[in-house]
Amino acid sequence: MAGDLPEPAPDRARPPRPHALRRYGQNHLVDRNILGAIVVQAAVAPDDVVLEVGAADGQLTRPLLQRASLVHAFEVDRRYFTRLARLAVEQPDLRVHEGDALRADLRALEPAPTALVANLAYNIAIPLIMTSIAELPSVQRWGVMVQKELADRLFAAPSTKAYSAVSVLVQLACRRLETRAVPPSAFRPRPRVESSFVTFVRRGRAQEHASGAALGVAAPPPLLTPAEYDAVAPLVRLAFGQRRKVLTNTLAGAARGGVTLSRDDVRRALDALGMAASARPEELSPEQWAVFASLTGWLAASPGPARARPARPTSDTEVDA
């Protein structure tokens, strides 16, 4: 697989890579065999516009440019700006964006990105993935290097320790394709944790990936429309914010666009799903969360910010063990 990444011509004028800065969570991927493997796994197509965050000195950027029509590369570390600017002169299909991607208006990127492929620092991985799912509908495919603990959370099963609000919201919108374990030895400096390169695709899109080849296989249909997804997200976050408590307590008093949930509303929805009134948020699958929101009338409410009214605990329904 490393054959997909031809060795660049020696550049004796290129200065050594700056030392990693902890505040940016920098662990540079330097193993060329693994670089080649993840580029293949990412299945970037010739018509893709790739969003890369944390480009550094372009170790991943260069092979992405060989496959994509254009790469938007973000880098917050000023020490790499000159290197990336020089690469952009050599590669007209590279757009370098200096600064924090999380503070940029990613919706204004032209052309709009169709894939997110990046080696992500832990402190930005979750917000960037969630932002790209909710706010960048043009992005249809993800290939992200993250800590193994986060990769496990993204597609965790219900009723497991790793299952969280992030698990629900990612799986409501996306389907996992492949996960590749990456050892600490592939990075400089070596992280103290294991990493994983995980690829996933937006639901409803006819592109999946297996055995290093893109296949025209229909992906599962969307569980929610974009507007419904935006409505369900705060409800899921509210529930998992007190994950040890039962849903009849955490969601009682939640309000949106004229609809305020009562304990009876929550009980009735759980009963229709075949769930006990004492169910906690991690017991519902992403599919059940979509149905639950519909059964409570939450999705029928007019658009508006969701809020919660503190519910008075009752001894027969509150479980905090």
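The values are calculated or read from the model by the stated rules, or taken from the named source; none is laboratory data. Everything numeric in this text was worked out from a predicted model, so none of it was measured. Cβ coordinates were reconstructed from backbone atoms using ideal geometry, including for glycine residues, and neighbour counts include every protein chain displayed.
Only one of these is of a type outside the set (Val, Ile, Thr), buried (at least 19 other Cβ atoms within 10 Å of the Cβ) and under 23 Å from Leu224 (Cβ atoms): Ala151, Ala165. Name it.
Ala165
Hey, can you tell me all the residues within segment 250-268 that are in a loop (DSSP other than H, G, I, E, B) and surrounded by 19 or more Cβ atoms within 10 Å (Cβ to Cβ)?
Leu251, Ala252, Ala254, Leu261
Modelled with pLDDT of 95 or more, crowded, with 19+ Cβ neighbours inside 10 Å and over 19 Å from Ser159 (Cβ atoms) - does that describe any residue in segment 294-316?
Yes, some residue in segment 294-316 is modelled with pLDDT of 95 or more, crowded, with 19+ Cβ neighbours inside 10 Å and over 19 Å from Ser159 (Cβ atoms).
Does segment 104-115 include one or more residues that are in the same structural domain as Phe187 (by TED's automatic domain parsing), at pLDDT 95 or above and under 20 Å from Val182 (Cβ atoms)?
yes
Considering only segment 80-97, I want to know if a residue exists there that is among the hydrophobic types (A, V, I, L, M, F, W, C) and within 24 Å of Arg176 (Cα to Cα).
No: zero hits.
Restricting the search to segment 269-289, which residues are assigned to a helix (DSSP H, G or I), surrounded by fewer than 20 Cβ atoms within 10 Å (Cβ to Cβ) and of a type in the set (A, V, I, L, M, F, W, C)?
Once the filter is applied, which keeps residues that are assigned to a helix (DSSP H, G or I), surrounded by fewer than 20 Cβ atoms within 10 Å (Cβ to Cβ) and of a type in the set (A, V, I, L, M, F, W, C), segment 269-289 yields only Ala272.
Just to be sure I understand the filter: pairs with C-beta atoms under 7 Å, separated by 6 or more residues or on different chains, first member in segment 158-170 and touching a residue at least 40 places away in the same chain (Cβ under 8 Å) and farther than 18 Å from Glu135 by Cα, second member in a loop (DSSP other than H, G, I, E, B) and among the hydroxyl-bearing types (Ser, Thr, Tyr). Which pairs pass?
That search, which allows pairs on different chains as well, returns Pro158/Ser285.
Going through segment 94-109 one residue at a time, which ones are part of a loop (DSSP other than H, G, I, E, B) and surrounded by 14 or more Cβ atoms within 10 Å (Cβ to Cβ)?
Ala104, Leu109
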